[in-house]
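The values are calculated or read from the model by the stated rules, or taken from the named source; none is laboratory data. From a predicted model like this one, the values you see are computed outputs, not experimental measurements. Heads up, the Cβs are rebuilt from the backbone with ideal geometry, glycines too, and the neighbour counts pull from every protein chain shown. Note: areas computed on protein heavy atoms with side chains; ligands, DNA, RNA excluded. Shrake-Rupley method; radii C 1.70, N 1.55, O 1.52, S 1.80 Å.
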Amino acid sequence: MTSNVSAPDISERAREAIAKVSTGVFVDGQWDDAASGARFNVVNPATEEVIATVADGGPKDALHAIETAGRVQSEWARTAPRERGEILRRAYDLLMVRQDELALIMTAEMGKPLAEAKGEVAYAAEFFRWFSEEAVRIGGDVTTTGDGKNRILVSREPVGPCVLVTPWNFPLAMGTRKIGPAIAAGCTIVFKPAALTPLSSLALADVLVEAGLPPGVLNIVCTTKASSVVSPWMSSGVARKISFTGSTEVGVRLLEQAAQHVMRSSMELGGNAPLIVFEDADLDRAVEGAFAAKMRNMGEACTAANRIFVQRPVAEEFARRLAARLGALRVGDGLEPGTEVGPLVEEKALRKVQELVDDAIDKGAKVVCGGNRPDRAGYFYSPTVLSDVSVQADLLTTEIFGPVAPVIPFDTEEEAVRMANDTPWGLAGYLFTQDVDRGFRVSEALEVGMVGLNTGIVSNPAAPFGGIKASGLGREGGRVGIEEFLEYKYMAVPRA
Ligand SMILES: O=CCCC(=O)O
């Protein structure tokens, strides 16, 4: 990254940007303290310093938010689609105008390097642009019954008030990917962002207000006790839909709660993505693809390549080249110019990564690069490549969520596909081959919702993002993204 701004200036600009963020509970267009008056700390994972405090919401705040969303729903559903689309389009423009400022906030609260944070702001904004275009294309259908006696008029209506719960790893984009289609469809929202990264979401509220979103359509409650806010929403009988991104364990609990009120549910849950490199692959391309699939967001992505299977004749060479790529990366505070790998989000995450690597080494893995913590404050872990990883190693059955690339050799295509599918998860998978038939054959055999064929990136606002098996239900983005927020209604009208 090139920059003519020195590190202290950037930290100062980050402080100024954070100081502008409203840090209360946001309900009915008003910012308030939490009913309990409690606040919690937001910590910069690179420096371990407190950078802000945020209102720590609880059940009272949650009830106020869901009642508001319920009260405003029918009026909001009647707004012109073009009006909803234009609010989203203005919000897209505002996000892009504030790209630098939002990136500074994101890097300070979450750790990703500034260049990646800017990339995420653009990615997040694109969901608003995409759904601004979808708002005016909510179609219907007119047909006739088979016996010719009735007309069938099919219309699409907003599903109703939505509970949106997002994770810390993409603090802005996971919000816009849910808020965009909800607004486009005419749904009101109660939204709980992750407690580790609330500032980006709170800044987004200000953007939407400036873009003209009416009071009560979006209500935000941050909290350190997720169930004290989300459970009242789920049991309110007012919320008609839950859209959650996070762990499979929490997703299952939310589905149980959703079942009590038969709520529509979209779940974007964990992953354990396989990445397969066949001996006929263009190895440079495979290394770059594996690098992207592993190192995007420091490995803290549900799409991250968690298990890299490489055909035996090229396994050693591939591991060597990948290690050369990862080992050369500059690790540091995301706000420092030139940083390519930031810290992990919190100490717990760091400990987990360290334990997984130690376990793999105990079970015979060789460290090709990394395998340790750099000697500095903050939750840093060195980019790591492990080769000859045993299938018994815990990191092959656990979402690593860190910059660790385990390389596992294989002999045959059947063996690679069998190992790739040997997991309860099914979010993303990647493969590298120059054989067209094999490319399609293996893509079709992988039990996942998304395949990268000779590419390490699958995420795009125009694509239906989501998984199968324990990785979730429903899709976000693409043409189908808005469907998750719409219900069908049909009228039968006699043709007499
Ligand atoms: O962690 C989930 C990845 C999200 C994305 O790639 O859009």
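Within segment 154-176, residues that are in contact (Cβ under 8 Å) with a residue 12 or more places away in the chain and in the same structural domain as PRO232 (by TED's automatic domain parsing) sit with their Cβ atoms under 6 Å from residues that are part of a strand (DSSP E or B) and within 11 Å of the ligand (Cβ to nearest atom), at 6+ positions apart or across chains, in these pairs: THR166/THR245; PRO167/THR245; MET174/THR245.
Quick one: which residue in ILE220, ILE242 is within 23 Å of GLU157 (Cα to Cα) and in the same structural domain as VAL21 (by TED's automatic domain parsing)? Quick ask: steps written out before the conclusion?
Numbers: ILE220 fails: within 23 Å of GLU157 (Cα to Cα).
Result of the check over ILE220, ILE242: ILE242.
Scanning segment 129-154 for residues that are open to solvent by less than 50 Å² (accessible area, probe 1.4 Å) and small (Gly, Ala, Ser) yields SER132, ALA135, GLY139, GLY148.
Screening segment 98-149 for residues that are in contact (Cβ under 8 Å) with a residue 12 or more places away in the chain and of a type in the set (Lys, Arg) and picking the one that is nearest to the ligand (Cβ to nearest atom) gives LYS112.
Candidates in segment 85-114 are the residues that are buried (at least 24 other Cβ atoms within 10 Å of the Cβ) and charged (D, E, K, R); of these, the one that is nearest to LEU204 (Cα to Cα) is GLU109.
Please specify each residue of segment 349-375 satisfying the condition of being part of a loop (DSSP other than H, G, I, E, B) and touching a residue at least 24 places away in the same chain (Cβ under 8 Å). So that I can check it myself, show each step before the final result.
Applying the first criterion (part of a loop (DSSP other than H, G, I, E, B)) to segment 349-375 yields 363-365, 370-375.
Passing the criteria: LYS363, GLY364, ALA365, GLY370, PRO374.
Would you check if ALA416 is open to solvent by less than 20 Å² (accessible area, probe 1.4 Å) and in contact with a helix residue (DSSP H, G or I) (Cβ under 8 Å, 6 or more places away or on another chain)? Full working, then the answer.
Working: open to solvent by less than 20 Å² (accessible area, probe 1.4 Å): yes; in contact with a helix residue (DSSP H, G or I) (Cβ under 8 Å, 6 or more places away or on another chain): yes.
Yes: the conditions hold for ALA416.
Among the listed residues LEU446, LEU427, identify the single one that is away from the ligand (no atom under 16 Å from the Cβ) and open to solvent by less than 50 Å² (accessible area, probe 1.4 Å).
Working: LEU427 fails: away from the ligand (no atom under 16 Å from the Cβ).
None of the others qualify; the one that does is LEU446.
Among the conditions (1) open to solvent by 10 Å² or more (accessible area, probe 1.4 Å); (2) within 16 Å of the ligand (Cβ to nearest atom); (3) farther than 21 Å from TYR430 by Cβ; (4) assigned to a loop (DSSP other than H, G, I, E, B), the only one that GLU399 does not satisfy is (3). Every residue in segment 296-325 that is crowded, with 24+ Cβ neighbours inside 10 Å, more than 16 Å from the ligand (Cβ to nearest atom) and in a helix (DSSP H, G or I), please. Listed by number, the residues that qualify are PHE318, ALA319, LEU322. Of the numbered conditions (1) within 16 Å of the ligand (Cβ to nearest atom); (2) free of Cβ contacts under 8 Å to residues at least 60 places away in the same chain; (3) crowded, with 16+ Cβ neighbours inside 10 Å; (4) within 30 Å of PRO161 (Cβ to Cβ), ILE468 satisfies every one except a single condition; which is it? It fails just one condition, (3).
Quickly run through segment 326-348 and pick out the residues that are of a type in the set (A, V, I, L, M) and either within 18 Å of ALA292 (Cα to Cα) or part of a helix (DSSP H, G or I) (or both).
Of the residues in segment 326-348, the ones of a type in the set (A, V, I, L, M) are 326, 328-329, 331, 335, 341, 344-345.
If the condition is that a residue be of a type in the set (A, V, I, L, M) and either within 18 Å of ALA292 (Cα to Cα) or part of a helix (DSSP H, G or I) (or both), then LEU326, ALA328, LEU329, VAL331, VAL341, LEU344 are the ones that fit.
The set of residues in segment 162-189 being closer than 22 Å to PHE465 by Cα, away from the ligand (no atom under 16 Å from the Cβ) and β-branched (Val, Ile, Thr) consists of VAL163, ILE183, ILE189.
Just one of (1) of a type outside the set (S, T, N, Q); (2) over 25 Å from VAL480 (Cβ atoms); (3) open to solvent by 50 Å² or more (accessible area, probe 1.4 Å); (4) more than 16 Å from the ligand (Cβ to nearest atom) fails for LEU196. It is (4).
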